[in-house]
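Before any comments, here is the structure.
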Amino acid sequence: MFMEEKCPKCGAPLAEISETATGRKLQRCSKNIWNKETRQSEGCDYVKWLAIEPKTLDEKCPKCGAPLVLNVTRLGKKMKKCSTNVWNKETKKAEGCD
Ligand SMILES: [Zn+2]
Ligand SMILES: [Zn+2]
């Protein structure tokens, strides 16, 4: 899929790519080619990672009434989560509404 945006380095159209494995999206210059023989990319090396933004849903949490957000996990799975639910890195436990 080609985007309207142009590569800031060479002016070629950007291509948007989704990594099916992770669900992450990136924009890459369409002049960028992966050379299988040398295992290196050739041409323009512009690449921009797009952050997956959690989408706020039009649904409310049945427990606390806060809006639900749609999260995409690293494995590309979609799941609904209460927006008050946060991951505490120190305790490695989820806090807030479950
Ligand atoms: Zn380029
Ligand atoms: Zn909740």
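When region 4-22 is limited to residues that are out of contact with any Ser or Thr (no Cβ under 9 Å at 6 or more places or on another chain) and of a type in the set (A, V, I, L, M), the one that is modelled with the lowest pLDDT turns out to be 21. Could we say that residue 36 is exposed (fewer than 14 other Cβ atoms within 10 Å of the Cβ) and outside the structural domain of residue 80 (by TED's automatic domain parsing) here? Here the answer is yes, as residue 36 does meet what is asked.
Taking the criterion of being over 11 Å from the mean Cα position of the chain (by Cα), assigned to a strand (DSSP E or B) and of a type in the set (Lys, Arg), the residues of region 4-30 that qualify are 6, 28.
Listed by first and then second residue, the pairs linking a residue in region 75-98 that is within 16 Å of ligand 2 (Cβ to nearest atom) to a residue that is among the hydroxyl-bearing types (Ser, Thr, Tyr) and not in a strand (DSSP E or B), with Cβ atoms under 8 Å apart and 6 or more places separating them unless they lie on different chains, are 79/73; 96/84; 97/84.
Residues are listed down the side, and each one gets a yes or a no for (1) in the same structural domain as residue 12 (by TED's automatic domain parsing); (2) at pLDDT below 90; (3) exposed (fewer than 13 other Cβ atoms within 10 Å of the Cβ):
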residue	(1), (2), (3)
24	yes, yes, no
29	yes, no, no
63	no, no, yes
79	no, yes, yes
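Screening region 65-77 for residues that are in a strand (DSSP E or B) and either of a type outside the set (A, V, I, L, M, F, W, C) or exposed (fewer than 11 other Cβ atoms within 10 Å of the Cβ) (or both) and picking the one that is modelled with the lowest pLDDT gives 71.
Does region 84-96 contain at least one residue that is at pLDDT below 90, surrounded by 13 or more Cβ atoms within 10 Å (Cβ to Cβ) and over 23 Å from the mean Cα position of the chain (by Cα)? Checking region 84-96: at least one residue is at pLDDT below 90, surrounded by 13 or more Cβ atoms within 10 Å (Cβ to Cβ) and over 23 Å from the mean Cα position of the chain (by Cα).
Among the residues of region 31-56, write down those that are in contact with a Gly (Cβ under 8 Å, 6 or more places away or on another chain), hydrophobic (A, V, I, L, M, F, W, C) and not in a strand (DSSP E or B).
Keep residues of region 31-56 that are in contact with a Gly (Cβ under 8 Å, 6 or more places away or on another chain), which gives 31-33, 52.
With hydrophobic (A, V, I, L, M, F, W, C) added as a condition, the list becomes 33, 52.
Answer for region 31-56, where residues must be in contact with a Gly (Cβ under 8 Å, 6 or more places away or on another chain), hydrophobic (A, V, I, L, M, F, W, C) and not in a strand (DSSP E or B): just 52.
The values are calculated or read from the model by the stated rules, or taken from the named source; none is laboratory data. Only a predicted model underlies this, so the values are computations on that prediction, with no experimental measurement involved. All Cβ positions, glycine included, derive from the backbone under ideal geometry; neighbour counts span all protein chains shown.
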